[in-house]
Each structure stands twice: as C-alpha cells, then as structure tokens.
Amino acid sequence: MLTSAQLSSLQLSKAEAHSESTGIRCSWRFSDGYTAVSATFLTTVKDGLTNTYRQHATGYYRDGYFEPTVVNGFPAVMANTADRRKEGQASLIVGLSDQDEMLVLIQGVPGSNATTAATNVAKAVLSTVQGGQ
C-alpha cells in the first residue's frame, strides 16, 4: 500500500498485511515505537460512505465525533463513537466508490496529532493506489 519512499517520509515500519472478513488490512508502526496505524480496504460494507452518514443520522456518533472532509479528492469523514483524539487515537473513513471505503486507524500517544497522522497516511495510500504501485 505504501512505497519505500513513503514509508521513509512518514517514518513508518514495513507493512504487515492481513486478510480479514471485512477486507484487506495493512498495519505499520511509527518510528517512535508507540504509535500504530492501520489502513483497511473495507469491501463488505454495504453502501460505503453512505452507510457512515446513515449511522450519523441515527445518532451513532453522538458521544464521539463526525467531521466530513476530503482526502485526495475523495469524500471522507473523521468519525468515531468515542472522542479519544487527545489520547492519540483517530479514525478516518474514506469513500472510494459507492460500495467501498478505506478505514485508517491511528493509535498513538496522548497529545499527538492523530487526525493529521491519519490524513497523511490516507493520502499516501491513495496516492500509491491511484498510481498503480
């Protein structure tokens, strides 16, 4: 999902890939040794990002956060049922098509900017995928 140059630029370890029931997940560690990140291509979520907005409309994220954004031209949402961003955790859902989405999760240290890290990793993954690498 990421090139060697991107891994170096983001200060990430080599990826560990996993095939799961929800899709394909890659995970990395940042050079600080504490912060972990994963990107999962979710292929089993019906209606992709529309489903995330539907959940928001029902109050699913009311105790957390729901912040629409755009990543590399793709619609996206920073969202989670609990707001632990100050604790170094964030999740970013990127709509790839009407059916598919990518979930980027950051588990870092308190005070780290997890939302920026999630966005940077998502941008790099999308850049690689769009470039056919």
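The values are calculated or read from the model by the stated rules, or taken from the named source; none is laboratory data. What you see is a predicted model; the values in this text were computed from it and never measured. Ideal geometry is used to build each Cβ from the backbone, glycine not excepted, and the neighbour counts take in all protein chains shown.
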- [ ] With respect to T119, determine if the residue is at pLDDT 90 or above, of a type outside the set (F, W, Y), part of a helix (DSSP H, G or I) and crowded, with 20+ Cβ neighbours inside 10 Å.
- [x] yes
Task: Pairs with Cβ under 8 Å, 6+ apart, first in region 117-133 and within 16 Å of W28 (Cβ to Cβ), second at pLDDT 85 or above and of a type in the set (G, A, S) - done: A117/A90; A118/A90; A118/S91; A122/A76
- [ ] Scan region 30-55 for residues that are surrounded by fewer than 16 Cβ atoms within 10 Å (Cβ to Cβ) and either closer than 15 Å to M78 by Cα or of a type in the set (K, R) (or both) and report the count.
- [x] 4
Task: Of residues in region 58-91 being more than 20 Å from N120 (Cβ to Cβ) and free of Cβ contacts under 8 Å to residues at least 12 places away in the same chain, the one surrounded by the most Cβ atoms within 10 Å (Cβ to Cβ) - done: R62
